[in-house]
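Written out below as structure tokens is the structure these notes cover.
The values are calculated or read from the model by the stated rules, or taken from the named source; none is laboratory data. Being a predicted model, the structure only gives us computed values, none of them experimental. Cβ placement follows ideal geometry from the backbone for every residue including glycine, while neighbour counts extend to all protein chains displayed. What goes into the accessible areas is simple: the full protein's heavy atoms, side chains included, and nothing from ligands, DNA or RNA. Shrake-Rupley method; radii C 1.70, N 1.55, O 1.52, S 1.80 Å.
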Amino acid sequence: MRLAIIGTGYVGLVTGACFAEMGNIVWCVDKDKKRLMELKEGRVPFYEPQLSEIVSNNFREKRLLFTDDYKKAIPDADVVFICVGTPPREDGSADLQYVLNAASEMKPLLTNNTIVAIKSTVPVGTCDMVEDLLNKGRKKKIVVVSNPEFLKEGDAVRDFMYPDRVVVGTEDERARKVFLELYSPYTKRGQAIIFMKRRSSELTKYAANSFLALRVSFINEISMLCERIGADVEEVRRGIGTDRRIGMQFMYPGIGYGGSCFPKDVKALIELGKRYNMDISTARVTDRINQLQRENFFKKILNRFGGRLTGLVFAIEGVSFKPNTDDIREAPSLYVIARILEAGGKVRVFDPIALKNFMDYSGLYTGENKRRIYIAKDYYDAARSADALVLITEWNEFRRPDYRRLSKIMRRRIIFDGRNIYTKEVLLENGFEYFGVGI
Ligand code: NAD
């Protein structure tokens, strides 16, 4: 098939590259000229395991093409996938301007048989809106399909190639056949493709992310209770997670979820509910607990130092919102760093791959702040002369530090473990003060 992908971010580039890998001819369109230049030079503009290889192989084989010109990509496409961002607006609702701009620009170039699929996460009713926009003044109808994406950063290629399921929202028989064919490499392997109403499909994406976020907030709330009553959340987690009906996934206590999806999708579900006079209370509470969890974590730091951080130095280990990605959008690290700086402290920051994004896009590494933020070369460089080490992202390489080395280079032996990756007893034996979450 011939495909066009609008937007070459995490979702668009993975989608384009993986569809090309399956033998389709794929044009990827983006407005960001710098990004396109990097891609044409064989560089993937963000960190995602396995992606570079697939992109460069398929680019070389001329199955994967890049352009900023809709005219090159749209007219011959059997399916056009909209994969642009849908960031949150001030009130939490999804900003659809990029989706609508993309639809307007492709409109005059679409032929009658082209199917337009929305992969971006969009509120219920967006496919209707885009279909109206595309068909206004047109005789034969362009069909719009909802095809939400469930990949997760850090594992995106594997998730796209081996999804638990593919969700397709359409009631159009021709579109159904085209999507069955497009995803036939999956269905032949036995993976499920679930067809449903468009509105159900749009809601499925928000419901899935909000449910996963709810699990995180649930265990985080239990962790707060554990701290008050002298229970250990790690024991409780194992006690409940081994029940197969519950499971261990998304049941890790910590400083809360971040990233470009969970925070915005939970808020968008709350806003969607409001539009229909409904209080989605589980989503509201999920969001509230997530905020509280960060605040509590920072309060632990503040309390340990008697409410004053002036002149103190903190090693911040990890800035990406989770391991295996360089994405810092809505990362808990940004909250913790901002609060430490506000309270007069200094930070020495390290992350294996997200430091550049931190310096360029966090909004924290600017002006006066630059004198109080040191960008470290590695884990130990961050810990040098620090009054405390603050573990934020559970990168594997952070899991087994040399405690003797840490003891020598840190000013004080104090560790705040935002992801419970260290063993309290081991740290105490090594002479550290240890603050985990819920233990
Ligand atoms: P992103 O911000 O990384 O990328 C969006 C890209 O779209 C950018 O490169 C931008 O330049 C381009 N763009 C914007 N307007 C354009 C236009 N009119 N024409 C051409 N290109 C345009 O976004 P992302 O993280 O890939 O997310 C895209 C969508 O997928 C969002 O709705 C998101 O919620 C959803 N989603 C994201 C993930 C994830 O893990 N990142 C997972 C599932 C779903």
field: Rounded tilt (10° steps) of 126-135 against the dominant C-alpha axis of the chain
entry: 30
- line: For the residue 372, residue 242 Cβ pair and Förster radius 51 Å, calculated FRET efficiency rounded to 0.05 is 0.70
statement: Helix 281-304 sits off the longest principal axis of the Cα atoms of the chain, rounded to the nearest 10 on a 0 to 90 degree scale, by 30
statement: Sorted by chain and then number, the residues having a modelled amide H within less than 5 Å of the amide H of residue 79, at least 5 places away or on another chain, are 2, 4, 115
message: Checking the table 40/71; 152/356; 264/322; 71/177; 140/205 against a 24 Å threshold on Cα-Cα, which pairs fail?
response: 71/177; 140/205
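So, counting K/R as plus one and D/E as minus one, what does the shell of residues with Cβ under 12 Å around residue 408 add up to? Present the calculation step by step, with values, prior to reporting the outcome.
Working: positive: 384, 404, 405, 411, 413; negative: 402.
Net charge in that neighbourhood comes out at +4.
How big is the dipole moment of the chain about its Cα centre under a simple scheme where the beta carbon of each Lys and Arg is +1, that of each Asp and Glu is -1, and everything else is neutral? Debye, nearest 20, please. Present the calculation step by step, with values, prior to reporting the outcome.
Working: 70 positive and 58 negative charges, 53 e Å.
Dipole about the Cα centre, nearest 20: 260 debye.
Before I look further, what does the stretch 197-439 give for accessible area per residue, probe 1.4 Å, in whole square angstrom?
Details: 11460 Å² over 243 residues.
Value returned for the stretch 197-439: 47 Å² of accessible area per residue.
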Per residue solvent-accessible surface (Å²) - the stretch 1-47, probe of 1.4 Å: 39
- request: For helix 262-275, report the angle its Cα long axis makes with the longest principal axis of the Cα atoms of the chain; keep it between 0 and 90° and round to the nearest 10°.
  value: 60
field: Compactness of the stretch 2-196, expressed as Rg and Dmax over alpha-carbon positions, Å
entry: 15.8, 45
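Quick check: at a probe of 1.4 Å, how many percent of the accessible area of the stretch 2-196 sits on carbon and sulfur atoms? Walk me through the numbers on the way to the answer.
Details: 4260 of 8650 Å².
Its accessible area is 49 percent carbon and sulfur atoms.
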- request: On each of the three principal axes of the Cα atoms of the stretch 356-396, give max minus min coordinate, whole Å, ordered largest first.
  value: 28, 23, 16
field: Accessible surface, per residue, of the stretch 109-189 when the full set of protein chains is kept, probe 1.4 Å, Å²
entry: 44
field: Radius ratio Rg over Rh of the stretch 297-439, counting only Cα atoms, Kirkwood formula for Rh
entry: 0.93
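Which percent of the accessible area of the stretch 197-439 is formed by carbon and sulfur heavy atoms (probe 1.4 angstrom)?
Working: 5850 of 11460 Å².
Accessible surface attributable to carbon and sulfur in the stretch 197-439 totals 51 percent.
In units of 2.2 N^0.38 Å, what is the alpha-carbon radius of gyration of the chain? Present the calculation step by step, with values, prior to reporting the outcome.
Details: Rg = 23.5 Å, N = 439, 2.2 N^0.38 = 22.2 Å.
Dividing the Cα Rg of the chain by 2.2 N^0.38 Å gives 1.06.
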task: Subtracting the Cα-Cα distance from 0.36 nm times the residue separation, let me have the gained length for residue 359 to residue 288 in nm, one decimal.
output: 22.7 nm
query: What net charge is computed for the residues neighbouring residue 187, neighbours being all others with C-beta under 14 Å from the C-beta of residue 187, Lys and Arg scored +1, Asp and Glu -1?
result: +3
query: Given Cα pairs under 8 Å that are at least 6 residues apart, what percent is the relative contact order of the stretch 197-439?
result: 21
message: Taking amide H atoms as placed 1.01 Å from N in the peptide plane, list the residues 5 or more away in sequence, or in a different chain, whose amide H sits under 5 Å from that of residue 153.
response: none
- prompt: What's the Kirkwood radius of the stretch 236-319 in Å, using all Cα pairs?
  reply: 15.8
Farthest positive-ward along the chain dipole, Cα basis, beta-carbon charges - from 123, 390, 222: 390
query: Relative contact order for the stretch 196-318 using alpha-carbon pairs under 8 Å, separation at least 6, rounded to a whole percent?
result: 28
- prompt: Can you give the Rg and Dmax of the stretch 197-439 based on its C-alpha atoms, in angstrom?
  reply: 18.5, 62
message: Once each part is reduced to its C-alpha centroid, what is the distance from the stretch 163-242 to the stretch 311-384 in angstrom?
response: 31
query: Given springs between every Cα pair under 10 Å in a Gaussian network model of the chain, which of 350, 46, 305 has the largest fluctuation?
result: 305
query: residue 320 accessible area, nearest 10 Å², 1.4 Å probe?
result: 0
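Between residue 53 and residue 71, what length in nm is gained on full extension when 0.36 nm per residue of separation is reduced by their alpha carbon distance? Mind showing how you got there, number by number?
On the way: separation 18, 0.36 × 18 = 6.48 nm, distance 2.76 nm.
Taking residue 53 through residue 71 to full extension adds about 3.7 nm, to one decimal.
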